[in-house]
Each structure stands twice: as structure tokens, then as C-alpha cells.
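Q: Provided herewith is a single structure, encoded as C-alpha cells, for subsequent inquiry.
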Amino acid sequence: MNIIATCSRQPWNKGKLVGQKTPLRLRDIWAIRVRLQIAERTRDLALFDLAIDSKLRACDLTKLRVRDVAHGEHVSSRAMVMQQKTQRPVQFEITEQTRSALAAWIHRAQLRSEDCLFPSRRHTSDHLSTRQYARIVKGWVKAVGLDPAMYGTHTMRRTKASLIYRRTKNLRAVQLLLGHTKLESTVRY
């Protein structure tokens with residue numbers, strides 16, 4: 001007997017925009033940064049600035065430990081992280097502005113070297129979840145009047161890469177910064 005079951009469930013992405021998310025423009029970056037500074041949201045400012053500088057995927061960004069970006073009280077000007085997806089190291093520069101935001105966050109949260117840089121408030125996880133990070137990003141873009149359906153966590157990864165490419169037109173450099181193994185992956189950015 002061949003019975004075909006019909007399912008009335010809707011696909012999770014019905015009516016939603018799927019695909020690549022738009023990178024932030026320079027004025028959007030500044031609008032978000034200023035709002036976070038005015039609101040004195042130390043953790044969010046550190047998270048936002050590091051997300052832009054590092055160009056890391058959400059899964060890698062949320063799992064960072066203090067020791068990955070700082071030695072004692074000193075936040076490094078460069079960091080190297082092993083990417084979860086590719087198992088390849090990627091190096092990134094940490095700008096002065098981001099170093100200041102990170103130092104303020106580490107001090108305020110009284111984080112030690114072995115602690116997660118962005119700890120979870122829940123006891124089920126050591127670090128901020130990628131889902132919570134996505135909600136935080138959504139809040140940032142909504143706060144400056146952008147459509148949250150157009151932006152997401154991958155927006156943060158794409159933003160600096162797109163700004164660098166617009167300035168230099170050097171696709172190979174962007175490939176290295178993002179840690180892509182294939183140039184074709186970078187071209188899609």
C-alpha cells in the first residue's frame with residue numbers, strides 16, 4: 001500500500017529574503033557605532049567593532065577567548081584565529097578604535113585570559129550563541145533605520161571586505177583576509 005502523506009507545514013523561509021546579505025555602508029557603520037557609544041553599550045560596541053575588523057563568521061567570532069585578542073591588559077594589534085569551517089588560520093588587524101572598545105569591555109566585565117570574550121548570560125553555554133548574536137545584529141540595523149531582512153551576521157563579515165575591495169580592487173588580498181581557499185568564493189562577495 002502506497003500512501004502519500006500531505007504535510008501542511010510551511011517552509012521556514014517562505015516570504016523571507018534568502019541569499020547574500022548586504023554589507024554595511026560607511027555611514028551605517030558610523031551610525032551604529034555612535035549609537036552604541038552614546039548608549040554606553042560597552043559589550044555591543046566591542047562586539048560590533050571586532051566583527052567589522054575581524055571579518056570572522058559568527059561561529060568563530062562568538063567563540064573567541066580573551067587570550068585570542070589580548071595579552072594581560074594589552075589588546076593586540078593583530079590576531080590569528082583557526083576558522084571552524086575551513087580549519088585554516090586567518091589573521092586580522094585590530095584597529096586602535098576596536099582595541100579601545102575591547103579593553104573597556106574586558107575591564108568592565110572583569111574577564112580573564114581563558115574566559116570567552118563574549119560570555120553567555122545563560123549557564124548552558126560558555127559563550128554568546130550565534131542566534132543571540134544574530135538578534136543583536138538585527139537590533140543594531142533596526143536602530144539606524146535599516147531593513148533587518150537585508151542584513152545579518154554575515155553582513156558584518158562582508159562589510160570590511162567590500163570596503164577594502166572598493167578601495168583597492170585587489171581580489172587576492174580580500175581572499176586572504178577572508179580566509180577563502182578558492183578565489184571563486186571571494187568573487188561572490
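Q: How are the Cα pair distances of segment 32-95 distributed, in percent, across 5 Å bins from 0?
A: 3, 16, 27, 25, 17, 8, 3, 1
Q: What do you get for the angle between helix 26-38 and the principal long axis of the chain? Use alpha-carbon atoms, 0 to 90 degrees, nearest ten.
A: Here the helix axis deviates by roughly 60 degrees.
Q: To continue, here is another question. Just to verify a number: what accessible area does residue 129 come out at with the full protein assembly present, 1.4 Å probe, Å² rounded to tens?
A: 50 Å²
Q: For every helix of n ≥ 4 consecutive DSSP H residues, a contribution of -39,500 (n - 2.57) applies; sum these over the chain, divide by its total residues, and give [θ] at 222 nm rounded to the nearest 500 deg cm²/dmol.
A: Numbers: 9 runs with 93 residues, N = 189.
The per-residue figure over the chain is -14500 deg cm²/dmol.
Q: With a/c under 1.5 counting as rounded, go ahead and sort segment 84-189 into rounded, prolate or oblate using the C-alpha gyration tensor (a ≥ b ≥ c being the square roots of the eigenvalues; past the cut-off, prolate if a/b is larger than b/c, else oblate).
A: Verdict is prolate for segment 84-189.
Q: From the cross-link list 21/169; 85/138; 142/182; 55/142; 21/85; 21/55, which pairs have alpha carbons spaced over 26 Å apart?
A: Going by Cα-Cα distance, 142/182 fall outside the 26 Å limit.
Q: Turning to a different aspect of this structure: Expressed as an acute angle from 0 to 90° and rounded to the nearest 10, what is the orientation of the C-alpha long axis of helix 130-143 relative to the principal long axis of the chain?
A: So the helix axis and the longest Cα principal axis differ by about 80 degrees.
Q: State in Å² the accessible area per residue of segment 120-189; use a 1.4 Å probe, count heavy atoms of protein chains only, and round to the nearest integer.
A: Heavy-atom SASA per residue in segment 120-189 reads 61 Å².
Q: Hey, what angle do you get for helix 96-109 against the long axis of the chain, alpha-carbon based, 0 to 90 degrees rounded to 10?
A: For helix 96-109, the angle is close to 90 degrees.
Q: Then there's this: Rounded, prolate or oblate, given the Cα gyration tensor of segment 87-137, with a/c below 1.5 counting as rounded?
A: Taking the square roots of the gyration eigenvalues as a ≥ b ≥ c, segment 87-137 is oblate.
Q: Would you list 105, 30 from the most to the least accessible area, probe 1.4 Å?
A: From most exposed to least exposed: 30, 105.
Q: How much of the accessible area of the chain, in percent, comes from carbon and sulfur atoms when a 1.4 Å probe is used? The partial results should precede the final answer.
A: Numbers: 6040 of 11750 Å².
Taking all protein chains in place, the chain shows 51 percent carbon and sulfur surface.
Q: Working out 0.36 nm times the residue gap between residue 109 and residue 149, then minus their Cα-Cα distance, what length gain in nm do you get to one decimal?
A: Stretched out fully, the residue 109 to residue 149 stretch lengthens by 11.2 nm.
Q: Tally Lys and Arg at +1 and Asp and Glu at -1 over the other residues with C-beta under 13 Å from the C-beta of residue 71: what net charge comes out?
A: Combined, the nearby Lys, Arg, Asp and Glu give +2.
Q: Okay, moving on. Between segment 19-77 and segment 137-189, what is the separation of their alpha carbon centroids in Å?
A: Segment 19-77 and segment 137-189 have Cα centres separated by 14 Å.
Q: Where Lys and Arg each count +1 and Asp and Glu each count -1, what net charge lies around residue 56 among other residues with Cβ under 12 Å from its Cβ?
A: Spelling it out: positives minus negatives among the neighbours equals +4.
Q: Could you give me the percent of Cα pairs per 10 Å distance bin for the chain, shortest bin first, beginning at zero and ending with the bin that holds the maximum distance?
A: The calculated distribution, bin by bin, is 8, 34, 35, 15, 5, 2, 1, 0.
Q: Shifting gears a bit: Go ahead and run the numbers for FRET between residue 100 and residue 170, Cβ-Cβ distance against an R0 of 22 Å, rounding to 0.05.
A: On the way: r = 28 Å, r/R0 = 1.28.
Once the sixth-power term is evaluated, E becomes 0.20.
Q: Quick one: if the Förster radius is 35 Å, what FRET efficiency do residue 38 and residue 78 give, using the C-beta to C-beta distance and rounding to 0.05?
A: Values: r = 29 Å, r/R0 = 0.84.
E(calc), rounded to 0.05, equals 0.75.
Q: Still on this structure, I have one more. Determine, from the Cβ-Cβ distance of residue 181 and residue 67 and an R0 of 30 Å, the FRET efficiency 1/(1 + (r/R0)^6), rounded to the nearest 0.05.
A: On the way: r = 27 Å, r/R0 = 0.89.
The pair residue 181/residue 67 has a calculated efficiency of 0.65.
The values are calculated or read from the model by the stated rules, or taken from the named source; none is laboratory data. Source: prediction; values computed, not measured. Every residue, glycine as well, gets a Cβ built from its backbone with ideal geometry; the counts of neighbours run over all protein chains shown. Heavy atoms of the whole protein, side chains included, go into the accessibility calculation; ligands, DNA and RNA do not. Shrake-Rupley method; radii C 1.70, N 1.55, O 1.52, S 1.80 Å.
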